[in-house]
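Encoded as structure tokens, the structure appears first; notes follow it.
The values are calculated or read from the model by the stated rules, or taken from the named source; none is laboratory data. These figures come from a predicted structure and were not determined experimentally. Using ideal geometry, Cβ is built from the backbone for each residue, glycine included, and neighbour counts are taken over all protein chains shown.
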Amino acid sequence: MGSSSSSLNNVPDGQQLMQETGFSAAHLLRLYERFKFLDKDNRGHLRSEDFEAVPELSENPIGDRIVGAFFLPGQETVDFSSFVRVLAHFRPTEKNRTRAGAQPEPANSRNRKLKFAFRLYDRDRDGKISRTELLQVLREMLGMQVTEEQLQSIADRAIQEADLDKDDAISFDEFRKSLEKVNIDHKMSIRFLE
Amino acid sequence: MFWRRAAHGRVGFRRSLPELGLLLLATLVLLEGSVLPLGAASSPETGITPGAGVSHGHADKNHSETKHKKPFPVLGLNYDSVKTPFEISLWVLLASLMKLGFHLLPRVSSIVPESCLLIVVGLLVGGGIKLIREEVPPVLDTKLFFYCLLPPIILDAGYFLPIRPFMENLGTILMFAVVGTLWNAFFVGGFLFAVCQIPHASLSHIGLLPCLLFGSIISAVDPVAVLAVFEEIHINELLHILVFGESLLNDAVTVVLYHLFEEFSEAGTVTVLDGFLGVISFLVVALGGVLVGAFYGFVAALTSRFTYHIRVIEPLFVFVYSYMAYLSAEVFHLSGIMALIACGAVMRPYVEANISHKSHTTIKYFLKMWSSVSETLIFIFLGVATVEGPHQWNWVFVTATVILCLVSRVIGVVGLTFVINKFRMVNLTTKDQFIIAYGGLRGAIAFSLGFLLDIEHFKDMREIFLTAIITVVFFTVFVQGMTIKPLVELLAVKKKQEAKRSINEEIHTQFLDHLLTGIEDICGHYGHHHWKDKLNRFNKKYVKGFLIAGERSKEPQLIAFYHKLEMKQAIQLVESGGGSKLPSAMPSTVSMQNIQPKNQPPPPKPTERALPQLTKGREEEIRKILRSNLQRTRQRLHSYNRHTLVADPDEEGFQDIILKKQKMMELDRKIKEMANYLSVPSHPKDSPTMSRARLASGRNTDFIPAQQQKGNKKSPDPQAYNIKLPAGGVPTIQVDLASPQSPDSVNLLDEIGKAEQKEDSGLMMKPPESNGPEKAGEKDGWRDQQKLTRCLSDPGPGAEDDEDEPFLP
């Protein structure tokens, strides 16, 4: 405890981040190491090029979306706290946590996880996943292997299934409803970040 | 109860024939006076009236003896040559009739699980035989069991194994299977040895090693029993896969322990080296079995790639390769069950992509049929073998065994869960633990293994062991099997989700998979998703291209899933059509790949592709353009008939597009109506064709064809796609129907007939018996559900879900 807290001092806003995100000191330290590793030029913040340097990410169909999620709108750099705050969404949900009503919803609650995923779809941040946005996602995921018509059909069907208020787009509530059977806590958690 | 069941089980007019045949056979048995399992065949009859059966037999005996004296045998008896197949058939028939009978008595089968009833039947049959002949044939022959009865059940389980939950919980399953079984074996064996030391129990001749051997036999959870019982209680997927997976994977442990202790019992002593070798042996047995199975699975997949010319024998490849995998594993003393599971699981995604739809159905049905009959036979034979013995009842031993089994199972599950929960993301609750512990049923495998014990070596002990095994099996199957259902209800354990996966879930799940993989990469953490992603990539790049024929190999999983959904819907709609001429239509996007695999690969085909080309996006554009020209945005061009219209050379391309789109829209709408949507594809009618329609139909002077008038009354909303989901929640599909004939012909009929319409769209495709669209819709919806289940050839409760499982995890 003693040693980790002393090295925790090297982590900017260490204590505050720990409280906010619920990461343990050890985890936070590990994430800081990783942050420094990614930050090759040692600037103290990450740019998109640093993210793209991760090899597997380039193979990921939605890689650029994920990278984009780290950057707050308008910003071009990611400092450590933003880095950690985004990753906090992927902590496994704690089952028996009781929190006072005044506390903000923890980052790794089911709702926040879903919101994070929703924002990845909804790039223009208008609160809805429009058909074009869905098509984009499908195109990225399915790539060159399918024809445009098939993509359109799938997008249509998806929207028809989920769209309850008939606005031809999927709002966050509809999104959440369509995933109610999926165990989001399980699907959006990385054990590493416990 | 048995008599009533037998009576129910047979259709009236058939009652005489089997009875007559059975009487004749009873005659022959008495004539020959040899030991035959045939007696069982006569027992249903004799079960009813033992005395009468015997007397009848005597009467017939005389009769047949007189027959023998005739110079020229007009009617001869040659039972010997058909004896074995005949008996086998009679047993199978008995089993099937029993199954039939149970379902005719729903009340009984809701209280008592089928397995219990079958064992009771077996007991009665065995009792009947014993009454007649004093000796019951050894029906539960070990060879018969392990080579004929067990493989179909295991193959059925392995082929339809839900891969995703299995892999996700693999660690937990392995822990339970390996560590749990080991714990059970040693605990039971050790404590039994202690019990045997009790001075007055007359068990002191049983040494430690035989006790451990017994422990290893009795500790394995039995897949057959688990399947039989769990199938009826419909618990949630997680628990089902945990208990079931455990029952499958513990075979390796059982095999190793059994052989180990059997060898050591003969040797008498155990050294550390032996223990070490035992561990190695376990790894070899387990991994070897899986490798053998995977090898055969790949070969089967490869073979299926080339079967497009001879579709009829496709199922055969699946069965034979799997059976060979099983037998090959048995040759090397590897775990045959694991080989079978591995073979089925490995082969399935590729084979399913290659074979025709009918072959798929055939495989499914055959597997379910064989496994069903096998299971029934196993339980009946268990009953018969119980009557047969050999038994030696020892109160102390038996009670100790039962109690120890229960206790060790509970302790094992609780202890293991405590450890496992530290590594699991979704913890196992106490309720889960209880079900897992309570669901640890023993069954016929344990009995067969006991039977397999060498009579020489285990002289005095074998009978005691067998009796104890039977008692435990009976206890678990009867007591635990019967009470688990009410307990599940009582504890409000989560039940199986009946709903199928939607395309949204599929899309989002894949998206989340990619998301997590990306996050893991950013964190530099090589976790679960990372490796799964790598495996999928490898699979896609190398394996699929090799094992899957033609274009299917490049088809992404999402597309495959989507096509499956569409296919199902199309079949459903076609079945529920209600008199329309649509049955000829097939969804073009699906037909290419699934129905006519011989056809050219999907994308380049121009004619069929032209239809789906005009999807909603493009339609939107066109609609916008045309809206500026036209007031009405909704139109149905029913009477459009190419031959009567003058082609406008100016709008060649555009016209084609529009025409085809119209057709698509019409047919689309028809389907929607039938499936009870109120769909308003506000397809903005283009002026040129509209005018042509007017010209052609000559019906109205107004600018709108008749249908549109009526149509417009209801929903003047020109807004785009209002797809209202029906009550059943069945989403629309874009079905491109190949034949343009049907809509036209039907259209004309409808146009003439209809005066008042209640639907938004003009065309009425109502089934004749409906009073109104709502009612028709409801009925349709309900019928749809029925037809959906029927036409999707659902052979069993759990099978349907497997279909929806995407091919690859």
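A few comments on the model shown:
- Just one of (1) touching a helix residue (DSSP H, G or I) at 6+ places or on another chain (Cβ under 6 Å); (2) free of Cβ contacts under 8 Å to residues at least 24 places away in the same chain; (3) not acidic (D, E) fails for B:I548. It is (2).
- Residue in the range A:83-95 that is acidic (D, E), farther than 30 Å from A:K166 by Cα and outside any helix (DSSP H, G or I) present: yes
- For B:H525: the one exception among (1) within 14 Å of another protein chain (Cβ to nearest Cβ); (2) in a helix (DSSP H, G or I): (2)
- Residue in the range A:171-178 that is in contact with a Gly (Cβ under 9 Å, 6 or more places away or on another chain) and either crowded, with 21+ Cβ neighbours inside 10 Å or more than 20 Å from B:S502 (Cβ to Cβ) (or both) present: no
- The set of residues from the range B:397-438 being more than 29 Å from A:R91 (Cβ to Cβ) and of a type in the set (K, R) comprises just one member, B:R409.
- Boolean, A:L114 is touching a residue at least 12 places away in the same chain (Cβ under 8 Å), more than 9 Å from chain B (Cβ to nearest Cβ) and in a helix (DSSP H, G or I): yes
- Qualifying residue in the range A:94-104 (condition: crowded, with 18+ Cβ neighbours inside 10 Å and either of a type in the set (D, E, K, R) or at pLDDT below 80 (or both)): no
- Residue list for the range A:36-76, restricted to those being facing another protein chain (nearest Cβ under 10 Å) and among the aromatic types (F, W, Y): A:F37, A:F51, A:F70
- Those residues of the range A:140-159 which are β-branched (V, I, T), in contact (Cβ under 8 Å) with a residue 24 or more places away in the chain and facing another protein chain (nearest Cβ under 8 Å), in sequence order: none
- If the condition is being in a helix (DSSP H, G or I) and over 15 Å from B:V229 (Cα atoms), then the range B:484-498 contributes B:L490, B:L491.
- In summary, helices (runs of 4 or more DSSP H) completely within the range B:112-210 and bearing 2 or more residues that are charged (D, E, K, R), touching a helix residue (DSSP H, G or I) at 6+ places or on another chain (Cβ under 9 Å) and touching a residue at least 24 places away in the same chain (Cβ under 8 Å) occur at B:114-133.
- The range B:429-454, residues that are in contact (Cβ under 8 Å) with a residue 40 or more places away in the chain and either more than 26 Å from B:F379 (Cα to Cα) or not in a helix (DSSP H, G or I) (or both): B:K431, B:D432, B:G439, B:G440, B:L441, B:R442, B:G443, B:L453, B:D454
- Residue that is nearest to the other protein chains (Cβ to nearest Cβ), among those in the range A:19-35 that are hydrophobic (A, V, I, L, M, F, W, C) and buried (at least 16 other Cβ atoms within 10 Å of the Cβ): A:L31
- Condition broken by A:I129, with the remaining ones in (1) facing another protein chain (nearest Cβ under 10 Å); (2) under 16 Å from B:F511 (Cβ atoms) satisfied: (1)
- When residues in the range A:166-180 are screened for being in a helix (DSSP H, G or I) and touching a helix residue (DSSP H, G or I) at 6+ places or on another chain (Cβ under 8 Å), 6 of them pass.
- Test: residue in the range B:402-409 that is farther than 29 Å from B:L242 by Cβ and out of contact with any Lys or Arg (no Cβ under 8 Å at 6 or more places or on another chain): no
- Against the conditions (1) among the hydrophobic types (A, V, I, L, M, F, W, C); (2) under 23 Å from A:K113 (Cβ atoms); (3) in contact (Cβ under 8 Å) with a residue 12 or more places away in the chain, A:M18 satisfies every one except (3).
- Restricting the range B:415-430 to residues that are under 25 Å from B:C405 (Cα atoms) and within 14 Å of chain A (Cβ to nearest Cβ), the residue that is surrounded by the most Cβ atoms within 10 Å (Cβ to Cβ): B:L428
- Note on the range A:162-185: among residues that are in contact with a Ser or Thr (Cβ under 9 Å, 6 or more places away or on another chain) and farther than 16 Å from A:T132 by Cα, the one that is nearest to the other protein chains (Cβ to nearest Cβ) is A:S178.
- Residue check for B:S359: touching a Pro at 6+ places or on another chain (Cβ under 6 Å), at pLDDT below 90, crowded, with 17+ Cβ neighbours inside 10 Å and not aromatic (F, W, Y): yes
- When the residues of the range A:45-86 are filtered to those that are in contact (Cβ under 8 Å) with a residue 60 or more places away in the chain and over 22 Å from A:V11 (Cβ atoms), the one that is surrounded by the fewest Cβ atoms within 10 Å (Cβ to Cβ) is A:P61.
- So B:V387, is it part of a helix (DSSP H, G or I) and either charged (D, E, K, R) or surrounded by 15 or more Cβ atoms within 10 Å (Cβ to Cβ) (or both): yes
- Boolean, B:W395 is away from chain A (no Cβ under 14 Å), of a type outside the set (S, T, N, Q), in contact with a helix residue (DSSP H, G or I) (Cβ under 9 Å, 6 or more places away or on another chain) and free of Cβ contacts under 8 Å to residues at least 12 places away in the same chain: yes
- Counting the residues of the range B:463-479 that are out of contact with any helix residue (DSSP H, G or I) (no Cβ under 6 Å at 6 or more places or on another chain) and surrounded by fewer than 21 Cβ atoms within 10 Å (Cβ to Cβ) gives 3.
- Between A:R131, A:R157, A:R112, A:R139, the distinction of being of a type outside the set (A, V, I, L, M, F, W, C), farther than 24 Å from B:K564 by Cβ and modelled with pLDDT of 80 or more belongs to A:R112 only.
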